Amino acid sequence: MNKRLSAIILGVGVALVFSCSGKDRDGEVIHFWQFWDVAFVEPLVREFEAKHPGVRVEIEQLTWKSGLEKIQAAVASGTQPDLCELGSTWVPRFSYEGVLEDLTAVYNEIADSFLMWESAMWKGRVYGLPWVQGSRVLFYNKSLFRSAGLDPEEPPRTWKDLLDAAKRIHALGTDIHGFGLNLGERYVLYKKFMAFAWGNGGRILGDDGSVLFDSPENLEALEFYLELADYSLKEKQEVLDHYFKSGKLGIQISGAWNLRNYSIEAPGLEYGVALVPKPSEEKGVHASFAGAEILIVFKNSKKKESALELARFLHDYPRARALSVSEQSVFPAAKRALSDSTFLRDAKRRVFVEQAFTSRSAPAHPGWIEMEDLINRSLEEVLYGRKEPAGALKKAAAGVKAIVTKYE
């Protein structure tokens, strides 16, 4: 059966379900857990309710600090919502545990129109819909570049350029720092380091599941990162952002949320954004981390059909675009966003769109949450001077291999 016929059958089936169950839906409540400010999501949900009289959606806002644990506890106690937003690195674990509704039929219908599907896949099946996505790019302070004798219109393109700029800015004064290097918080450090490793051809896992974290490519990237650390402020993202907007940090890798934040909190800040530097002009790519927010339906929901309909409504481009425009820190996962003038007319936002073409995601593996903690600890040991890069990577790779074996 071809994809087009499958899509027609699926569409007819969904239509029949809802046309035959209109009375049953009167007074139905869909519980939706998500991470955005409710003010951005509520208009989209109310639009859905207006199109589905008798259906009400209850929205709960989660936090990135405790959201994962809350979702895990709800699944364990059987009190999970009907529809939920998951960070892309969490989906494989829940897929492996068998608690998510299989959405492969929807994928077969719309696969070619969206990015970031790999984050929603496990063993050839699809368990979520990529909603919005975001990458990380290089932010640099043009005023500090000028003070350090650097061309403010020529951001670093290579590792050598980046190291040279960080050194020269770091030398400007005791409270001025060349580069912002993340330490001491969840979900962040590996994203910044792996940008350089991915750009150098490094990986964490191979396509066959083999562990590649102690590869020569990753070692070369970590040795460069350690050299860069000598001219860096080593802090949490919130502190790095504060130093940058205060004009005391020359360069950092960060996300599009700062385009909005800096326009409000530091309107006079003279800065630019650029692709993450690659190893050299002759080698590598301008790689970075890209993450997605994935809409999933829990298998045990008693309102799966309605939850899926809400998921598809929010997933459709007009709603994903509306959320992205309101939030100003993400972009729709739909490929249409890559040619949407809304995201291209501004020079800074255009860099984020360009970076998306060469960005990478964490491995889609159920053990990723454990791998991430292990990798972050190993990187911190190197950056704090407690371990040599080669030994740290070798130890981390052994730990990652043990995690892979655990889930085989």
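State all residues of the range 169-202 that are of a type in the set (A, V, I, L, M, F, W, C) and over 30 Å from Trp90 (Cα atoms); if no residue qualifies, say none.
Ile169, Ala171, Leu172, Ile176
Condition check ((1) out of contact with any His (no Cβ under 8 Å at 6 or more places or on another chain); (2) in contact (Cβ under 8 Å) with a residue 60 or more places away in the chain; (3) assigned by TED's automatic domain parsing to the domain that holds Lys245) across all residues:
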{"position": "Leu129", "(1), (2), (3)": "no, yes, no"}
{"position": "Lys142", "(1), (2), (3)": "yes, yes, yes"}
{"position": "Phe145", "(1), (2), (3)": "yes, yes, yes"}
{"position": "Leu150", "(1), (2), (3)": "yes, no, yes"}
{"position": "Glu154", "(1), (2), (3)": "yes, no, yes"}
{"position": "Trp159", "(1), (2), (3)": "yes, yes, yes"}
{"position": "Leu162", "(1), (2), (3)": "yes, yes, yes"}
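Give the residue that is farthest from Arg157 (Cα to Cα), with candidates limited to residues of the range 281-324 that are small (Gly, Ala, Ser) and touching a Ser or Thr at 6+ places or on another chain (Cβ under 8 Å).
By that ranking, first place goes to Ala307.
Is there a residue being surrounded by fewer than 21 Cβ atoms within 10 Å (Cβ to Cβ), polar (S, T, N, Q) and under 28 Å from Ser147 (Cα atoms) anywhere in the range 259-279?
yes
Yes/no matrix, rows are residues, columns are (1) more than 20 Å from Ala307 (Cα to Cα); (2) in contact with a helix residue (DSSP H, G or I) (Cβ under 9 Å, 6 or more places away or on another chain); (3) among the hydrophobic types (A, V, I, L, M, F, W, C); (4) in the same structural domain as Ser329 (by TED's automatic domain parsing):
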| site | (1), (2), (3), (4) |
| --- | --- |
| Ala73 | yes, no, yes, yes |
| Gly78 | no, no, no, yes |
| Ile110 | no, yes, yes, yes |
| Arg125 | no, yes, no, yes |
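Kindly provide the set of residues from the range 280-309 that are surrounded by fewer than 19 Cβ atoms within 10 Å (Cβ to Cβ) and not assigned by TED's automatic domain parsing to the domain that holds Gln80, ordered by number.
Once the filter is applied, which keeps residues that are surrounded by fewer than 19 Cβ atoms within 10 Å (Cβ to Cβ) and not assigned by TED's automatic domain parsing to the domain that holds Gln80, the range 280-309 yields Ser280, Glu281, Glu282, Lys283, Val285.
Would you please name the residue that is surrounded by the most Cβ atoms within 10 Å (Cβ to Cβ), looking only at residues in the range 208-228 that are under 23 Å from the mean Cα position of the chain (by Cα) and either not in a helix (DSSP H, G or I) or not assigned by TED's automatic domain parsing to the domain that holds Arg386 (or both)?
Among residues in the range 208-228 that are under 23 Å from the mean Cα position of the chain (by Cα) and either not in a helix (DSSP H, G or I) or not assigned by TED's automatic domain parsing to the domain that holds Arg386 (or both), the one surrounded by the most Cβ atoms within 10 Å (Cβ to Cβ) is Phe213.
So Asp151 ticks every box in (1) surrounded by fewer than 24 Cβ atoms within 10 Å (Cβ to Cβ); (2) touching a strand residue (DSSP E or B) at 6+ places or on another chain (Cβ under 9 Å) but one. Which box is left unticked?
(2)
Run down Ser378, Ser359, Ser341 and say which single residue is buried (at least 21 other Cβ atoms within 10 Å of the Cβ) and either without any contact (Cβ under 8 Å) to a residue 24 or more places away in the chain or more than 28 Å from Pro92 (Cβ to Cβ) (or both).
Answer to the selection: Ser378.
Residues that are under 30 Å from Gly128 (Cα atoms) and within 19 Å of the chain's Cα centre (by Cα): list the strands (runs of 3 or more DSSP E) wholly contained in the range 229-330 that include at least 3 such residues.
Fully inside the range 229-330 and qualifying: 249-255, 288-297.
Quick check on my filter: what residues within the range 1-17 are surrounded by 11 or more Cβ atoms within 10 Å (Cβ to Cβ) and either of a type in the set (Val, Ile, Thr) or at pLDDT 50 or above (or both)?
Ile8, Ile9, Val14, Val17
Taking the range 335-368 as the region of interest, how many residues are part of a helix (DSSP H, G or I), aliphatic (A, V, I, L, M) and touching a Ser or Thr at 6+ places or on another chain (Cβ under 7 Å)?
1
Would you check which residues across the range 43-65 are at pLDDT below 95 and over 17 Å from Gly27 (Cβ atoms) and list them?
Trp64, Lys65
The values are calculated or read from the model by the stated rules, or taken from the named source; none is laboratory data. Since the structure is predicted, the reported quantities are computational estimates derived from the model, not experimental observations. Cβ coordinates were reconstructed from backbone atoms using ideal geometry, including for glycine residues, and neighbour counts include every protein chain displayed.
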